[in-house]
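Scroll down for the structure; my scribbles are underneath it.
Quick note: the coordinates plus some simple rules give every number you see, no bench work behind them. Nothing here was measured: the structure is a model prediction, and the numbers come from that model. Reconstructed Cβ throughout: ideal geometry from the backbone, glycine too, with neighbour counts over all protein chains shown.
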Amino acid sequence: MTPNKAQPCDHATHADSCAHETPELYGLIGYPLGHSFSQKFFTEKFATEGIHAEYRNFEIQHIDALSGLIAEHPNLRGLNVTIPHKQAVIHLLDTLSDEARAIGAVNVIRVMPPADDSGSRPRLKGFNSDVIGFRDSLKPLLQPHHDHALVLGTGGASKAVIHALDTLGITWQYVSRKPAAGQLTYDDLTPDIMDEYTLIVNCTPLGMSPNVGTCPDIPYECLTHRHLLYDLVYNPEETLFLRRGRESGATTKNGLEMLHRQAVESWKMWHE
C-alpha cells in the first residue's frame, strides 16, 4: 500500500467536501521548538497551494514519546525531526532510505499504513533531507580554496553535513568540546589550522534563540576574507558566530535557505 497524498483542494467544486474532511497532518518533533520556522513554512505552503493539510509542532523531550504521538493522531502522514532526536529516533523506525542509513541520522519520517489489515501500528520510514538542503545552499559560495572544513559539533546534523562535504570533495575535520579519537577540541585550533581550514560549519545549537549571546569558541582573531562561515542556525538571522566572522571579513551564511530546501525535499519524501 502507498500513503494517501495530500491533494490541492479544488475550491470551485469541492470546497464543501474539503471543509468536512479531516486534513492530513504533518509536524515537527524535537525539544525545544520555540526557535523553529518549519510550522510557518508549511502552513504558508498549504495555504498558497490549496493543500488540505495541517502542520504542527510536537515538543517531545524523550523520543520514546513518538509511539504515543502517532497513536494519538491517526491522520499523521509525515514528520520532520530536529534536535535532539535525529539519531535517537532510528531504533523506532521500520526502514531507512539508503542515504539516511549511510549518514546515521534522520530528519524526515514518512508515516505509512500497516503492512496488513491486522490493526497493527503504522510503518515508519526514515529519510535525510538535510544533505540536499546544506549542499545546495553551500555550493554557490564555494571558492577553490574552500577545500578543508572544520565541522563544529558531532550530533545528528553534523552527520548530514560531513556526508555532503564528502560528495563535494571537501576534506573535513570534527571539532568538539570533548577530546576523542579523530577529532579536534577547540583548544587545538591553532593559527596554522585556521589558515588551512577556511570553511567552518557550525552544527551546534550555540547562538540559537533565545540564547543569542553564545557562540562556538573558535579563535575568531584568525579569521580572514578567505574564510566562509556557515551556521545551521537560522534564528536569529545573524548569530554571534556569523557576526564575529563578518566583522573579520569572512563570508557568512545562515541556515534559512537550507531549511527551505530541506523542507521542499521533505514533502517529496512524504509522497514518493
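Here are the numbers for the structure shown:
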| item | result |
| --- | --- |
| Length-normalised contact order of the chain in % [C-alpha pairs under 8 Å, at least 6 apart] | 16 percent |
| Least to most buried among 37, 134, 42 (fewest other Cβ within 10 Å first) | 37, 42, 134 |
| Point-charge dipole on Cβ atoms (K/R +1, D/E -1) for the range 132-258, about Cα centre, debye to 20 | 280 debye |
| DSSP beta bridge pairing in the chain, given as percent antiparallel to the nearest 5 | 25 percent |
| Residue among 170, 73, 191 farthest towards the positive dipole end of the range 40-195, charges placed on Cβ | 73 |
| MRE, 222 nm, helices only [DSSP H, n ≥ 4, -39500 (n - 2.57), over the chain, to nearest 500] | -9000 deg cm²/dmol |
| Given 45/268; 45/139; 139/159; 40/159; 139/178, the pairs whose alpha carbons are separated by over 20 Å | 45/139; 40/159; 139/178 |
| Degrees, to the nearest 10: 38-49 long Cα axis against longest axis of the chain | 50 degrees |
| Dipole-positive endmost among 102, 133, 88 within the range 78-133 (Cβ charges, Cα centre) | 88 |
| Local electrostatic count, residue 80, Cβ distance below 15 Å [Lys/Arg +1, Asp/Glu -1] | +4 |
| Nearest-20 debye value, the chain charge dipole, Cβ charges on Lys, Arg, Asp, Glu | 100 debye |
| Footprinting exposure proxy for 222, 203 (fewest neighbouring C-beta atoms within 10 Å first) | 222, 203 |
| Assigned charges on the beta-carbon of Lys, Arg, Asp, Glu; the range 35-88 dipole about Cα centre (debye) | 140 debye |
| Segment residue 60-residue 91, extension gain: residue separation times 0.36 nm, minus the distance between their alpha carbons | 9.5 nm |
| Zero-based 10 Å bins, Cα pair distances in the chain, whole percents | 6, 28, 32, 20, 10, 3, 0 |
| Cα lying deepest toward the dipole's positive end in the range 132-258, options 248, 142, 220, charges on Cβ | 142 |
| Label-point separation in nm, residue 120 to residue 40, each point 7 Å along Cα→Cβ | 4.2 nm |
| Radius 12 Å from Cβ of residue 65, net charge of other residues (Lys, Arg +1; Asp, Glu -1) | -3 |
| Degrees separating the helix 156-167 axis from the principal Cα axis of the chain, which is the longest one | 70 degrees |
| Separation in nanometres of the label points that stand 7 Å from Cα toward Cβ, at residue 22 and residue 225 | 6.0 nm |
| Gain in span if fully extended, residue 256 to residue 178, counting 0.36 nm per residue against the direct Cα distance | 25.2 nm |
